[in-house]
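What follows is calculated from the coordinates using simple rules that are stated; it is not laboratory data. Everything quoted here is computed from the prediction, not taken from an experiment. As a convention, Cβ positions derive from the backbone with ideal geometry for all residues, glycine included, and neighbour counts pool all protein chains shown.
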Amino acid sequence: MYEDLRNLMTNTVGALREDPRAETIRLLPALVTAVVFALLFSQPFTLLLRDWWTLPEAGHGLLLAPVAIWLAWKAGIRANAAPNVGLGAAILVAAVLLRYMSGLAAELFTMRASMIMALGGLTVYYYGFRQLIHWWMPFLLGSLSIPLPELVTGALALPLQFKASQMGAALLRMREIPVRLTGNVIRIPGNELFVTEACSGLRSLTALISLAVLLGGLVLQKPLFRLLLVVIAVAVAVIINGIRVFFTGFLVYFVDPALGKGFMHITEGWLLFLVSLSCIGLVSWGASAIERRLFVKSAYEPAYSG
């Protein structure tokens, strides 16, 4: 009789597991959460997708967002993950309030940031704060995929324009080309070069910083080396942009003024950006080699796994 009762219970549990309705009931809270999240954050998400597709300075988000999702899936859920309902609910309430207030103010950056904040709150609610730390890199990449506010980009673009103009003019003088620099205008005999906001290097700067964060997380183990890689990425972006201004002036002066605009100018920018990417890749490879020599154990540690 005992064996019959145990078999009956086993068969009942197995039937419930195989019952699609029981599976639906088990997934119902997650489905409701997904629907509510989509309703609350559909506007900032669609606007973010539009900016990724249409704005050159935001295009790196098309790469970062899928990579962030893949890294989160690859890292998985911690074996001892436990929900933290109180802290998760508090973060979610703060995210919803931020979404509401930024929507009233029509401030896109904080509206989009509230979406990342809400995802963090859901992670803490269901899996605990340690899971949020476990997924530090996906969340960091997701944050970097959000375009900066125009107020910030405008404040950064002007100094970058001046720096690129100064570096380009200095390199032209080294080639004994007569140069007169006025702000972001480089005057050479017969031509004037305007270093506009589009040529400030801000686009390549954001893309290279994102790449440095990604490579640092995947290839390097030590936080100091990761930070140094980001600092080097900033320096590479500024230096390469100054070299781009120099090449433009050099070609305009010695070859043809038409090379300073149009298709050739864009092609030159893309080629130098590829050089920047190569530099970051080489630096990350070199830093990884140094790590293996200085810290033998790191050679046996896997790449990012949370």
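Under the simplified labelling scheme, the LEU148-PHE129 pair shows an inter-label distance of 3.0 nm, with each label point 7 Å from Cα along Cα→Cβ. Report the net charge of residues surrounding THR248, where surrounding means a beta-carbon distance below 14 angstrom and charges are Lys +1, Arg +1, Asp -1, Glu -1. Charge balance near THR248 sits at +1.
What do you get for Rg/Rh of the range 53-159 when both radii come from the Cα atoms and Rh is the Kirkwood radius?
Looking at the range 53-159, the ratio lands at 1.03.
In terms of surrounding Cβ atoms within a 10 Å radius of their Cβ, LEU71, LEU208 rank from fewest to most as LEU71, LEU208. Exposure proxy for TYR126, TYR253, TYR100: other Cβ atoms within 10 Å of each Cβ, ordered fewest to most, give TYR100, TYR126, TYR253.
Could you tell me which GluC sites (Glu not before Pro) in the range 134-193 are loop residues by DSSP with no more than 14 other beta carbons within 10 angstrom of their beta carbon?
GLU176
Stretching VAL231 away from ASN191 to a fully extended chain increases their span by 10.9 nm, per 0.36 nm per residue minus the current alpha-carbon distance.
Shown in residue order for the range 87-101 are the 3J(HN,Hα) couplings computed by the Karplus curve 6.51 cos²θ - 1.76 cosθ + 1.60 at θ = phi - 60°: 5, x, 5, 5, 5, 5, 4, 4, 5, 5, 4, 5, 4, 5, 5 Hz (x for Gly and Pro).
Counting neighbouring Cβ atoms within 10 Å and putting the fewest first, the residues PHE139, PHE162 line up as PHE162, PHE139.
Net charge around PHE41, counting only other residues with Cβ within less than 10 Å of its Cβ (Lys, Arg = +1; Asp, Glu = -1)? Around PHE41, the surrounding residues sum to +2.
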